[in-house]
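Taking it in order: structure first as structure tokens, then the write-up.
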């Protein structure tokens, strides 16, 4: 990527690019199509940044002792130790040397290459491992910057590939500019932008992007304060105070201390993750950025979102806030609201217009002439608003609260499931993302002549399930949805999203985002808000 | 097979081999006989006068309940096996199971990532196999047990060929 000289052509032999020290090692057992693949190394400081915890622990362990001794005016070493100081020093030096050597070897044997539609990553010197990932199967790319890496201007590139079980490929750490460049290259290849045969080394330009929304910090704080977690905190706090007063015992307060610490850590984690959340759109897909100390920039290429849900807990209702979560292949299931759930969150907290804006990004073609009405009814509506078909009245005892909300609506491009009277929820599944469909009916449901319909998607927080639909309705939806999914799959034939737009197939609905960008030229135009540099620089 | 309420109309279901009942009964025996015997141990000890504590009625009731529920499940097996059906449609494979908790599933050929065949020891003795379909979703828990080995192989080849023709990405 760093070579300047133009190559004669793709048929040129592979050898190292001469000038770049990183490309000293030519590929050994690579397929012949590695036309533009140099083997590159990650930044030499990477193992130290990854292993800093161990180094810091050692430093802390010895440092504290020496510090305390010197504070107390004692000699740094005890008398009987002083005689053996040289041995101790030698031993410590050996340990340090071995770990540094290990770090260096790890670094030396970690190499990566982008070529011929694949990214390959080699790691390990005792147990060597080669991973290769098909670029057109890239589901999402993240640039992660933990605090320490951020201080040194480094970043980890992490991408999910829907190829095999263990899917994440990580490159840690690269210089932030290199990471961004590599991301642009991978996304351009994944999108099907042709490599200029005259200049295969010419870096792909970064796609321009436009910021769509951001979450102000006060709203984030408000959403944390009004979360279910806070509700239980208040209830738990009141309960322990009452118990302490009733039993005249102070012991309850002791239990509150670790609980309070845990809660503070949890709130801090959520705040740190969700701080400064912004969403932007680019031809590469949706860019999400967030984080206070550790920052993360996620890119979801178009059409990679398998399913989406919009939820509103009851405490958020007076403020009109919503949360959006997505299923992306490779992100997997995240149970609690802690660490990894940020990755599956499309919008941590947003207003109705934010939600509609994000929906427009995910589904450029809503498939209905009145998207605001249909999706609005999905968020807040009851009964048959917006064309929703709900649970029949006869089955209201199966869902005494939710029966007027439980329902579905189908647009030309997506299926909408609505549920929850108090915990409102709207699930959106694009038709071409349906994996398989199942109808379920238990004895009680059979008695009320209703059935559940389940759409299967990739693992994630969204589980699309239509509860208690009339049996006939469920059965016809089962057939219609199979047909719709089949049609949608036929329209979308390639994973390379810039090549998806087939002439004369206007209904394919890749929409205004990917539509006019078959060639990389518009990518090179400067943009009003090239705001990435501002955030990472 | 009787068509149930949630089955799409006009489908002729393929049934699995009746011999699969034997497989299920062996599984049932492995799971239940040991349980009932262990639960009956206190009864024996009480009757022998070694133990005093569990009153006789309790010592009788626990294994009796376990036995009745096990027998009930045993009695259901033939009907459950008869309720398993599959049908190859033009674009998807339908699989149905269950009598009380029924499930009908449609797995599009283009979504199948791989198909595998498993054969357990009892199944091998009876010349049966179990076909499992995998899509990108773990929710697609579609398997057709109790297929005759030849039919399983045919179905696997058929599904692979159809999947190849209609393969879509995620």
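Coordinate-derived values only; no laboratory data. None of the values given here were measured: they were computed from a predicted structure. Note: ideal-geometry Cβ built from the backbone for every residue, glycine included; neighbour counts use all protein chains shown.
The table that follows gives values for the structure above.
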quantity: Between 0 and 90°, nearest 10: helix B:20-48 axis offset from chain B longest Cα axis; calculated: 20
quantity: Estimated [θ] at 222 nm from DSSP helical runs (n ≥ 4, -39500 (n - 2.57)) normalised by residues in chain B, nearest 500; calculated: -16500 deg cm²/dmol
quantity: Evaluated at q = 0.12, 0.17 Å⁻¹: base-10 log I(q)/I(0), Debye formula over Cα of chain B; calculated: -0.66, -1.03
quantity: Rounded to whole Å, sorted largest first: equivalent-ellipsoid semi-axes of segment B:1-93, Cα gyration tensor; calculated: 43, 13, 8
quantity: Rounded FRET efficiency, nearest 0.05, which uses the C-beta distance separating residue A:353 from residue A:266 and R0 of 41 Å; calculated: 0.90
quantity: In degrees, nearest ten, helix B:56-83 long axis to first principal axis of chain B (Cα); calculated: 20
quantity: Residues A:118, A:173, A:322, A:108 arranged by fewest to most Cβ contacts within 10 Å; calculated: A:108, A:118, A:322, A:173
quantity: Inter-chain Cβ neighbour average for residues B:135-147, partner chain, 10 Å; calculated: 5
